[in-house]
1. Please work out which one of (1) among the small types (Gly, Ala, Ser); (2) within 14 Å of chain B (Cβ to nearest Cβ); (3) not in a loop (DSSP other than H, G, I, E, B) is the condition A:Gly97 fails and give its number.
2. Looking at (1) more than 23 Å from A:Ser112 (Cβ to Cβ); (2) more than 14 Å from the chain's Cα centre (by Cα); (3) open to solvent by 80 Å² or more (accessible area, probe 1.4 Å), can you tell me which one A:Gly53 breaks?
3. Could you list all residues from segment B:72-101 that are over 17 Å from B:Leu61 (Cα atoms) and either open to solvent by 10 Å² or more (accessible area, probe 1.4 Å) or more than 14 Å from chain A (Cβ to nearest Cβ) (or both)?
4. So is A:Ser80 free of Cβ contacts under 8 Å to residues at least 12 places away in the same chain, farther than 16 Å from B:Thr100 by Cα and part of a loop (DSSP other than H, G, I, E, B) or not?
5. Being in contact with a strand residue (DSSP E or B) (Cβ under 8 Å, 6 or more places away or on another chain) and within 30 Å of A:Met108 (Cα to Cα) is the requirement here; does B:Ser66 meet it?
6. I'd like to know if segment B:36-45 contains one or more residues that are assigned to a strand (DSSP E or B) and touching a residue at least 60 places away in the same chain (Cβ under 8 Å).
7. Can A:Gln2 be described as closer than 30 Å to B:Gln54 by Cβ and open to solvent by 20 Å² or more (accessible area, probe 1.4 Å)?
8. If only one of B:Gln50, B:Gln6, B:Gln105 is open to solvent by 20 Å² or more (accessible area, probe 1.4 Å), of a type in the set (S, T, N, Q) and either under 26 Å from A:Tyr32 (Cβ atoms) or over 13 Å from the mean Cα position of the chain (by Cα) (or both), which one is it?
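The values are calculated or read from the model by the stated rules, or taken from the named source; none is laboratory data. No experiment lies behind these values; they were computed from the predicted model shown. Positions of Cβ are backbone-derived with ideal geometry, glycine not excepted, and every protein chain shown enters the neighbour counts. For accessibility, only protein heavy atoms count, side chains too; no ligands or nucleic acids. Shrake-Rupley method; radii C 1.70, N 1.55, O 1.52, S 1.80 Å.
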Amino acid sequence: AQSVTQLDSQVPVFEEAPVELRCNYSSSVSVYLFWYVQYPNQGLQLLLKYLSGSTLVKGINGFEAEFNKSQTSFHLRKPSVHISDTAEYFCAVVNSGYSTLTFGKGTMLLVSP
Amino acid sequence: DTGVSQDPRHKITKRGQNVTFRCDPISEHNRLYWYRQTLGQGPEFLTYFQNEAQLEKSRLLSDRFSAERPKGSFSTLEIQRTEQGDSAMYLCASSQHGGTESYEQYFGPGTRLTVT
C-alpha cells in the first residue's frame, strides 16, 4: 500500500522569502508523484509532476520539486513567495500500474507581508 | 478545453434525504474519478471509471453511495439516506487513458455537501 506524509500542517513565511514544503512517501514499487494547490472553496490545481526523467521538475507559478528515491521524498520549493501563494498544498502519489491517487493531509502555506 | 465541471457547487440537505451530483470531465478524457475531502484532510479516493465501466471502488463507498457513467461521458454520484458524516467536498477528476499522461488527473471545483 502507498502512503504520503506531509509533516508540516502549516508553514508561515514572509513575502519574498524562500519556502520548502516537505513530502515523504511510502511505496514498494515505482511511483509517480504530484503536487496540487487548493485555494479556498476551490478544486485542486496541478502544480507539477514527476513521471520520469530528470529528478528536478519545474511547475507553474515558479514552483519546483526534486524527486529523491533514496530518501523517498518529493519536497516542493519556491525561491521567493508572493502573498498570492497563500493556499493549501497537497502531495500525492500513485503506484505505477495503478490509477488512484493517494494524498497527504496537506500543508497550509501562509504568506504574510 | 473547458476543464472539469461539477454541479451543483453547494448542496445543503437534511439528514435522510437523497442527493445527486454531476461531473462533466474534459471532453477527450475517458477516465473519471470521484474523491471525497473532509475538513483538514486530503482527498480520499471513492471510485473511478474508464469509459462507462466502473473499474474500482474504495471501501469508503458504502452501500448508500452509487456512481454511474452511462454513456462514458458525464458521471453522477448519488448518496441515499444522507448522514451528517457525509458532509464533505466531493471532487471529480478526469484523465486520459494510456501512457504516462493517464496518471495526470485534472480536478473540478468540487461540490460541497452539508447535511443538517
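1. (3)
2. (3)
3. Restricting attention to segment B:72-101, the residues satisfying the condition of being over 17 Å from B:Leu61 (Cα atoms) are B:72-74, B:94-101.
Correct list: B:Gly72, B:Ser73, B:Phe74, B:Gln96, B:His97, B:Gly98, B:Gly99, B:Thr100, B:Glu101.
4. Values: free of Cβ contacts under 8 Å to residues at least 12 places away in the same chain: no; farther than 16 Å from B:Thr100 by Cα: yes; part of a loop (DSSP other than H, G, I, E, B): yes.
No, not satisfied.
5. Values: in contact with a strand residue (DSSP E or B) (Cβ under 8 Å, 6 or more places away or on another chain): yes; within 30 Å of A:Met108 (Cα to Cα): no.
When the stated conditions are applied, B:Ser66 does not pass them.
6. Looking only at segment B:36-45, we keep the residues that are assigned to a strand (DSSP E or B), and these are B:36-37, B:44-45.
From what's left, touching a residue at least 60 places away in the same chain (Cβ under 8 Å): B:37.
Yes; the residues of segment B:36-45 include at least one that is assigned to a strand (DSSP E or B) and touching a residue at least 60 places away in the same chain (Cβ under 8 Å).
7. Working: closer than 30 Å to B:Gln54 by Cβ: yes; open to solvent by 20 Å² or more (accessible area, probe 1.4 Å): yes.
When the stated conditions are applied, A:Gln2 passes them.
8. Working: B:Gln6 fails: open to solvent by 20 Å² or more (accessible area, probe 1.4 Å); B:Gln105 fails: open to solvent by 20 Å² or more (accessible area, probe 1.4 Å).
Result: B:Gln50 is the single residue among B:Gln50, B:Gln6, B:Gln105 that is open to solvent by 20 Å² or more (accessible area, probe 1.4 Å), of a type in the set (S, T, N, Q) and either under 26 Å from A:Tyr32 (Cβ atoms) or over 13 Å from the mean Cα position of the chain (by Cα) (or both).
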